[in-house]
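Input: a single structure, listed below in structure tokens.
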Amino acid sequence: ANHAAVSLENHELIDQLQWEATHDTLTGLGNRREFYRCLATALEERPTGTKLAVALVDLDRFKEINDTFGHHTGDTFLKWLGRRFQEALPQEVMVARLGGDEFAVFVAYEGVASDAAVVIEELLRPLWAAAFEIGDVKVAVSASTGVAVAPDHAEDPVTLLQRADVAMYLAKEDHSGVAG
């Protein structure tokens with residue numbers, strides 16, 4: 001019985017370590033490593049004619065939340081947003097927290113590259129519909145999002161995320177919300 005209990009504890013510990021290696025412990029979303037792994041697999045298995053829209057999402061004014069209300073509130077906000085991502089996005093959409101206030105999303109779709117920004121914007125719109133409440137204060141949630149498309153912009157995870165990053169900075173500069 002002792003050996004069985006130790007074996008069970010070891011198995012649970014291994015499962016926990018595997019989960020922690022692939023997930024962000026604050027939000028429960030996949031982490032950067034998991035995002036790259038899933039994106040690489042999706043690129044390899046992508047059916048002919050299907051495109052992958054890859055989006056980099058950077059929260060607007062997150063620093064202000066941390067500076068004004070404290071890092072504990074910032075962490076609470078990120079947890080809340082992680083739940084919103086999980087609840088609002090369809091299961092076939094991969095979402096990960098890359099770090100800080102930066103998230104990444106990818107989804108397969110059919111169409112032309114210019115459709116990707118619309119696809120991503122429609123997916124993310126429900127996330128920004130509700131305000132985050134800090135006591136009596138309601139904080140509107142918004143983000144700047146950059147989109148890159150496989151195979152049009154690149155066919156590897158690193159380059160796709162780099163291209164989405166450039167597009168995200170363009171969206172941030174012109175306050176457009178989504179740029180592709």
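Here are a few things to note about the model shown:
- Carbon/sulfur fraction of accessible area - the chain, other protein chains in place, 1.4 Å, %: 51
- For segment 145-155, 3J(HN,Hα) per residue [Karplus equation, 6.51 cos²θ - 1.76 cosθ + 1.60, θ = phi - 60°, Hz, x = Gly/Pro]: 10, x, 10, 10, 10, 9, x, 4, 9, 4, 10
- Inter-label distance for Asp136 and Thr50, nm, one decimal - labels placed 7 Å from Cα along Cα-to-Cβ: 5.2
- The helix-based estimate of mean residue ellipticity at 222 nm for the chain, built from -39,500 (n - 2.57) per DSSP H run of four or more residues and divided by its residue count, is -16000 deg cm²/dmol to the nearest 500.
- Between the amide H of His23 and those of Asn31, distances stay under 5 Å, these residues lying 5 or more places away or on another chain, with hydrogens modeled in the peptide plane.
- Here the Karplus curve 6.51 cos²θ - 1.76 cosθ + 1.60, taken at θ = phi - 60°, turns the phi angles of segment 119-127 into couplings of 4, 5, 4, 5, 5, 8, 3, x, 5 Hz, with x standing for Gly and Pro.
- Each of [x] 17.3; [y] 11.8; [z] 12.8 is a candidate for mean projected area of the Cα convex hull in nm²; the one calculated from this structure is [z].
- Packing here is the average count of other Cβ atoms within 10 Å per residue, and on that basis the peptides 62-72, 103-113, highest first, run 103-113, 62-72.
- Accessible area per residue, Å², the chain with all protein chains present, probe 1.4 Å: 55
- Test item: Cα-centred dipole of segment 54-154, Lys/Arg +1 and Asp/Glu -1 on Cβ, debye: 280
- Under 5 Å from the amide H of Asp152 lies no amide H of any residue 5 or more positions distant or on a separate chain, with H modelled from the backbone and absent for Pro and chain starts.
- Relative packing of peptides 16-25, 145-154 - highest average C-beta neighbours within 10 Å first: 145-154, 16-25
- In the chain, Cα pairs under 8 Å separated by at least six residues give a relative contact order of 26 percent.
- DSSP bridge orientation in segment 32-158 - percent antiparallel, rounded to nearest 5: 100
The values are calculated or read from the model by the stated rules, or taken from the named source; none is laboratory data. Only a predicted model underlies this, so the values are computations on that prediction, with no experimental measurement involved. FYI the Cβ positions are ideal-geometry reconstructions off the backbone, even for glycines, and counts take in every protein chain you see. Note: areas computed on protein heavy atoms with side chains; ligands, DNA, RNA excluded. Shrake-Rupley method; radii C 1.70, N 1.55, O 1.52, S 1.80 Å.
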